[in-house]
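Visitor: Mind looking over this structure? Questions follow.
Rule-based calculations on the coordinates, nothing more; no lab input. Since the structure is predicted, the reported quantities are computational estimates derived from the model, not experimental observations. Cβ: placed from backbone, ideal geometry, glycine included. Neighbour counts: every protein chain shown.
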Amino acid sequence: QELHGVRNFNFLPFSVSLPREYETLREEMERDPYQWWIIKPSSSSQGKGIIITNKIRDIFDRKDK
């Protein structure tokens, strides 16, 4: 996207790395409260702990932290 522009590479999903980019995610979630987000745990989780949410509190109020 940086090299050839978003117009040519608009298939890459927006993503953030938590907790470092928490504010960016919070701002995006507040901008569009009806947008759903796929939250995936760190690598080697083998698909365990994936959640779909549109609320920032759901990400940090999980029991499996």
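Visitor: Among (1) among the basic types (Lys, Arg); (2) assigned to a helix (DSSP H, G or I); (3) exposed (fewer than 10 other Cβ atoms within 10 Å of the Cβ), which single condition is Arg7 missing?
Guide: Result: Arg7 fails condition (2) only.
Visitor: Where the second residue is small (Gly, Ala, Ser) and exposed (fewer than 10 other Cβ atoms within 10 Å of the Cβ) and the first is more than 15 Å from Ser15 (Cβ to Cβ) and free of Cβ contacts under 8 Å to residues at least 60 places away in the same chain and lies in the stretch 39-60, which pairs have Cβ atoms under 6 Å and are six or more apart or on separate chains?
Guide: Close Cβ pairs (under 6 Å, with a partner that is small (Gly, Ala, Ser) and exposed (fewer than 10 other Cβ atoms within 10 Å of the Cβ)) do not exist here.
Visitor: Does the stretch 12-28 hold any residues that are assigned to a loop (DSSP other than H, G, I, E, B) and out of contact with any Ser or Thr (no Cβ under 7 Å at 6 or more places or on another chain), and which are they?
Guide: Leu12, Pro13, Phe14, Ser15, Ser17, Leu18, Pro19, Arg20, Glu21
Visitor: Does the stretch 4-12 contain any residue that is polar (S, T, N, Q) and over 14 Å from the mean Cα position of the chain (by Cα)?
Guide: Scanning the stretch 4-12 turns up at least one residue that is polar (S, T, N, Q) and over 14 Å from the mean Cα position of the chain (by Cα).
Visitor: Go through the stretch 37-65 residue by residue and tally those that are surrounded by 10 or more Cβ atoms within 10 Å (Cβ to Cβ) and either assigned to a helix (DSSP H, G or I) or under 13 Å from the mean Cα position of the chain (by Cα) (or both).
Guide: Of the residues in that region, 14 qualify.
Visitor: Please specify each residue of the stretch 10-35 satisfying the condition of being surrounded by 10 or more Cβ atoms within 10 Å (Cβ to Cβ), among the hydrophobic types (A, V, I, L, M, F, W, C) and over 17 Å from Asp61 (Cβ atoms).
Guide: Residue satisfying the conditions is Val16 alone.
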